[in-house]
Amino acid sequence: MTNDYASDFADFGGVTYLNIAFQGPMPRVAAAAAEEALQLKKTPYLISDGDYFSYPDAYRSAVADLIGCDAADVAVTDSATHGVMLLVGGLDWQAGDEVVLPRGEFPANRFPWLSLERRGVKVREVPVGPGLSGLQRLAAAITPRTRAVAASWVAYSTGLRLEIEALARICRDRGVLFVLDGTQGVGGLDFRLSEVPCDLLVCAGYKWLLGPYGLGFAYVEPELGKRLELSNVNWFAVRGARDFNRLSECELAYVPGAARFDMNEAASFTNVAAGVASLRYLERVGVATVEHHVASLLEGLVAGLPVGFRDAGASGTERRSNILCISGPNPERTERAADALAAARVFTSRREGTIRISPHLFNTADEIDRVLEILHGSGESASVAVGSALFGLAVGDPVVTPGPAALPRPRSLEGRWVTLRPIDAERDVDDLYSGSHGSPEREALWTYMAYGPFGSREQMRRQLEELGHSRDALFFAVVDNASSQAVGMACLQRVVPRNRCIEIAHVWYVPERQRSRVNTETIYLLLREVFDHLGYRRVEWKCDALNRRSRTAALRLGFRFEGIFRQHMIIKDRNRDTAWFAMVDGDWRPAKEDIERWLYSDEELSLTRLTQRRRLASPTEGALA
């Protein structure tokens, strides 16, 4: 699968790059801008006096447009540390003053504050976890001696997304300065300064802003800027400095605004030109577009995590950030997974015992599927749970009710939205043929099936008749209760009563009923039939490994991914690798509760999130990881 944005970036040569939180790649337009600016150094006679000011001013303006502020309040910096040091070195700190930080801050937003301890300032580092409790801990740590709260919007080692709007209000109400490190959020998450009244916003530009290393910005609230003493003299910010012919007449008086806080030699032509182009690129595509795409990829990844793996930065209740940090049931399993990803040329980061994953616009759902396959496969060498021993050898637990399951019989299964009735070629062909033929969208549903599309209604009728008379499978027409029309098909096959194992297969729906309660209730009715009424202990779901919709549906419904059977089949003269999923009776009980809640309650719910939350909450999930 490709997307519309991959061509905006360099060709990674087969590498899956999921590491924006480490280094964001410059888009092609930024690399071209850097190359163009490099010509200024190759041919310096092209450099004008005004370039020393127009380049930083262009960056200032691009930042202001992105975050929603006045360009005069933006300083051009070389790092987040530069911005933090404006306050550390510029405020009139007194012994006994306090600064509050979340514990585990990135060094750029930690060590500058710790340097104040030699001046008698107390730095309070507060444990902060997911949810409102973390925000409450920070608020509780504020005392009458607190002068600043400094926090990262998104934590670099967990992906925890802080509720900065609420924290900004708390600081404003308490008369405390709020310092926000936006390095891991700005550019990846939609941000408007009008919604987050911070006093100082610092940001490195080489991650989610997709700029070069050594370039960033600081927003300095105007009133705060007037209070800060300058520890560095940048002569470019002196009044009259733009006239190089009269520099000797200048006095030490600064231009208004945040330009006086710029780093020295801010007009680094190649860096700034690339930085401006990257910011304008983000403005053009929209940061909200980045956030939505990244969230979609990470949600799919979380939904398909192997049992025992967890999201270190979320409890499942708050807004997800643009960074996912995962860990396995133990450090060894996490390391093995990280090694497997690296060996497969999937680039992530290892941070504080987790695997940090941070995708961007150029990444695709297929790449996320590949990550899941690697994560699942990396546990193959792990030991499995041992039930008992026989002659000193490990054997499985005894089956409590070892008898065979009942054979499925041709009967209707009725639900609120659909009824599954045994297929009848004469009765069902008109609805099924018209719903699956006549347009590319309709005929596309046959892409991964072993048969279809059909050249005529009669051809399809013969196929349905053959399926209806099958001795090895029981085929159902999916009937929409609202219209009484057949809108799809499903079957139970590969029935092994002795092992109490069965497969759901041949599932398809007309386009109008895809991704609806119709298809969810169809599978629910089949699962309820085989688990609750017939006594099966395992239901399998297999599909073409390239069939993303089917794979996503399996995970959403609570099936577990078990692997890929390579070169498993030849379908329509094409190779088929088969993705293998299964649900066992122990999975069915919580999955049934989730599906029924989604289908039949009035709550606005995401079935994917319900399934994910169950998976993370189960204390036994790590047994086979």
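The values are calculated or read from the model by the stated rules, or taken from the named source; none is laboratory data. Owing to the predicted nature of the structure, the values given are computational and were not obtained by experimental measurement. Neighbour counts run over all protein chains shown; Cβ positions are idealised from the backbone, glycine included. Calculation scope for accessible area: heavy atoms of the full protein, side chains included, ligands and nucleic acids excluded. Shrake-Rupley method; radii C 1.70, N 1.55, O 1.52, S 1.80 Å.
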Exercise. Mean residue ellipticity at 222 nm from the helices of the chain, using -39,500 (n - 2.57) per DSSP H segment of n ≥ 4 over the full residue count, to the nearest 500 deg cm²/dmol?
Worked result: -10500 deg cm²/dmol
Exercise. Which shape class applies to segment 458-497: rounded if a/c is under 1.5, otherwise prolate when a/b exceeds b/c and oblate if not, where a ≥ b ≥ c are the square roots of the Cα gyration tensor eigenvalues?
Worked result: oblate
Exercise. Relative to the first principal axis of the alpha-carbon coordinates of the chain, what is the inclination of helix 331-343, with its axis defined by its Cα atoms, in degrees from 0 to 90 and to the nearest 10?
Worked result: 90 degrees
Seminar exercise, completed: Lys and Arg at +1, Asp and Glu at -1: neighbours of Phe244 with Cβ under 13 Å from its Cβ sum to -2
Problem set entry | Table column - 3J(HN,Hα) (Hz), segment 576-582, Karplus curve with 6.51, -1.76, 1.60, x for Gly and Pro | 10, 8, 10, 7, 10, 10, 8
For this session: Starting with the highest mean, order 485-492, 589-596 by the number of other Cβ atoms within 10 Å, averaged over the residues of each peptide.
Result: 485-492, 589-596
Exercise. Cα axis of helix 365-377 to longest principal axis of the chain: angle in degrees, 0 to 90, nearest 10?
Worked result: 70 degrees
Exercise. What number comes out for the charge environment of Arg169, summing +1 per Lys or Arg and -1 per Asp or Glu over other residues with Cβ under 12 Å away?
Worked result: -2
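Add +1 for every Lys or Arg and -1 for every Asp or Glu among the other residues with Cβ under 11 Å from the Cβ of Leu361, and state the total.
Working: positive: none; negative: Asp4, Asp8, Glu291.
Result for the neighbourhood of Leu361: -3.
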Exercise. Once Lys and Arg get +1 and Asp and Glu get -1 on their Cβ, which of Trp113, Ser61, Pro127 lies farthest toward the positive end of the dipole of segment 54-167?
Worked result: Pro127
For this session: Using a 1.4 angstrom probe on heavy atoms only, work out the carbon and sulfur share of the accessible area of the chain in %.
Result: 50 percent
Exercise. Ordered by packing density, taken as the mean number of other Cβ atoms within 10 Å over each peptide's residues, highest first, how do 343-354, 448-459, 57-68, 277-288 rank?
Worked result: 57-68, 277-288, 343-354, 448-459
For this session: Could you list the trypsin sites (Lys or Arg not before Pro) in segment 469-508 that lie in coil according to DSSP, counting only those with at most 10 other Cβ atoms within 10 Å of their Cβ?
Result: Arg471, Arg498
Seminar exercise, completed: Reviewing (i) 43.8; (ii) 35.4; (iii) 62.4, the figure for mean projected area of the Cα convex hull in nm² actually calculated from this model sits under (ii)
Seminar exercise, completed: So the angle from the long Cα axis of helix 585-600 to the longest Cα principal axis of the chain, reported in degrees to the nearest 10, equals 70 degrees
Exercise. Among 180-187, 562-569, what's the highest-first ranking by average C-beta atoms within 10 angstrom per residue?
Worked result: 180-187, 562-569
